[in-house]
Amino acid sequence: MAKKPPNHVGADHMKRRNQSHTRMLPESALRTKVNVRGSGPATQSKNRSIRALQLIFLPVTLMSFAVLVYVSWRYWPENSENEVETDASDPACQRLAQWISSLGGWVWGVRCAHIQESNGRGIVATRPLSSNTTYAVVPRRAWFWEPTIKEFSAVGRLLDMDVGVLAVCGQRWGARGEPWRLAVALDYERVQPTSYWRAYIDTMPEAPTSPVPWNEVDVYHLASPQIASKIRKRRKLLEATYTMLYTEHLFEKYPQFFNSTFFSFDSFAWAVLQIWSRAFSADLNDANGRRRSTWAMIPFIDLNNHRNNVNDSFEAFVRSDAGGVNGTENATSFRAWAPECVSPGGEIFHDYDGGGKASALMFTHYGFFPTHYWHGDWIVFLLPPSIRKNIKAAVENNWIHGFAGVDGHITEPWLTMYAKYIAKAAANDTRRSAPTRDPTMEWAYRQAVQNLLTQVTEAQATVTAVRNSYVSIVGAGAPTSPYVHAMTTEMHARLQTLLDAVATSLQNRLRADDPSTPRAWGVPKMDWLLTHTGTVVKAGRRDRNAEDAMFSISVPDSLW
């Protein structure tokens, strides 16, 4: 290679040399020479093209890499079925996850944790989880339900075949809507040191949150006869079932399995409350292929605590079918995924509500009131039989009961019907006890509102008296558990809010009908203003909604 000339003589010489040599070269050689030299318009244009390609290629490369990272992160759990992540400070949860793993399932990216708000265990993330990321797969062999109890429990066969058990529980498991067989099996496995489900049972709370075991004093101080009645009915149901199953049958016929020393009413109630608060509804096929409903408890996944308005985040699936939903009767596994993005340390929730359960039902069934959720609170107005039997329209239109939610508004068709009845009764009054001889609908409507306001005011006074009594005995040092105290004070607050709202609404109606009051108030015409969702109080659900009310107010026989 020729040595480069000195700078002080090379510039003009090389310029003249290139100009003369360029005229002697063909076009292809010119392009080659220009590319080598790196000068000229063609070279600059190509360099710009290369830079443009680099600007395009770099973002595409980075984007492709990001997609690969996301896909690997999102679907990594599906390829790491034996990875176990638990809290080493909770040996019971660690054993449960390891047991699930030994059966072919897995737990990934989450762990058990003690949750102060629920006073029990919950599931929290140990790493960032995107929405829909699977964090647990529990194989069918780990479930606590009819098929596995028959296979792995010593009492599975007798619970399925014994005539005395069939007489109490029905021919099929779950046929009567109550999990008695499942409860007896759980009660039995509870005391077996080598139970197949030992790792699962060890994670269950010793005292499930439920008002069913409360004493009568605590139940009374809830200040709601409506809810107190539901609690007593549940307790009586458990007591009657325990007597029929254990005392009158299992203790006598199967002393090798059951005795009163280890299987008390409290232990049976413990098992039932575990199932009521944790079990999933499931399906099975009978021998004739008929599909029926039953109960299934899913280890680890049932540790999820409740939060309102969380999307469903679990399914039973057949693994060979790439996770397609086939119903629990054919499922080989049960999987759960994050319903939303969860940061490390964040809790993963499940909505027990499933479409809007009443607050009273949530309390009596699961043992708590949904936090910051008042839409399931309502009261019911009950007509006395003496009035109801004379109101044909009430029966025909299904408006036997009136309802009021947290907005305080009473269902308009029921209130109008009640006012019409008062007007008709006053017009047909033969004893001349009615205040007017010429009743109008305006008068009757006002009389109906006044009657209801009187009853609501009395209910407010009753709740206040019970609340004051409770505050007095607690202040005097009466023993009460933190759980009972929290639920009692929550109930008082909710009842006060409901009754105050209804009283205010009724007072506004009376004010609107007062001639001295500006008509700007108006009479509300909001027939469906009840603010709870899902189970909106409608005429067709009157009996169920009346049963699920937090408080009931009986309309008096006297009309004026």
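The values are calculated or read from the model by the stated rules, or taken from the named source; none is laboratory data. On a predicted model such as this, the values are computed, not experimentally measured, just so you know. Heads up, the Cβs are rebuilt from the backbone with ideal geometry, glycines too, and the neighbour counts pull from every protein chain shown. Quick note on the areas: whole protein, heavy atoms, side chains included, nothing else; ligands and nucleic acids left out. Shrake-Rupley method; radii C 1.70, N 1.55, O 1.52, S 1.80 Å.
Mind ranking Ser101, Ser89 by accessible surface for me, highest first, 1.4 Å probe?
Greatest to least solvent exposure: Ser89, Ser101.
With coordinates expressed along the principal axes, the C-alpha atoms belonging to the range 448-498 extend over 44, 18, 9 Å, beginning with the largest. Between Ser333 and Arg140, Phe317, Arg319, the built amide H atoms are under 5 Å apart, and every one of these is 5 or more places off in sequence or on another chain. Derived scalar couplings between HN and Hα for the range 300-316 equal 6, 5, 6, 7, 4, 8, 8, 8, 5, 6, 9, 5, 4, 9, 7, 6, 8 Hz in order, rounded to whole Hz, by the Karplus curve 6.51 cos²θ - 1.76 cosθ + 1.60 (θ = phi - 60°), x for Gly and Pro.
Each residue was assigned an accessible area with a 1.4 Å probe, and for Lys233 the value is about 140 Å².
Whenever you get a sec, line up Arg290, Arg278 from highest to lowest accessible area (probe 1.4 Å, protein heavy atoms).
Arg290, Arg278
Coupling constants for the range 473-485 follow from the phi torsions by the Karplus curve (6.51 cos²θ - 1.76 cosθ + 1.60, θ = phi - 60°), and in residue order they are 6, 5, x, 7, x, 5, x, 8, 7, x, 5, 4, 5 Hz; glycine and proline get x. Using only side-chain charges placed at the Cβ, +1 for Lys and Arg and -1 for Asp and Glu, the dipole size of the range 207-290 relative to its Cα centre rounds to 240 debye. Computed with a 1.4 Å probe over protein heavy atoms only, the accessible surface of the range 91-153 comes to 36 Å² per residue. Carbon-plus-sulfur accessible fraction, the range 232-300 (probe radius 1.4 Å, protein heavy atoms only): 51%. Each other residue within a Cβ distance under 13 Å of Thr464 adds +1 if Lys or Arg and -1 if Asp or Glu, for a net charge of -1. Neighbours of Phe152, meaning other residues whose beta-carbon lies under 10 angstrom from its beta-carbon, give a summed charge of 0 when Lys and Arg score +1 and Asp and Glu score -1. For the range 180-283, take the alpha-carbon Rg, divide it by the Kirkwood Rh, and send me Rg/Rh. My calculation of the ratio gives 1.00.
Could you compute the net charge surrounding Val342? Neighbours are other residues with a C-beta less than 13 Å from the C-beta of Val342; K and R count +1, D and E count -1. After counting each charged neighbour, the total is +1. For the range 249-319, the calculated P(r), taken from all Cα-Cα distances in 10 Å bins from zero up to the bin holding the longest distance, is 14, 31, 31, 20, 4 percent.
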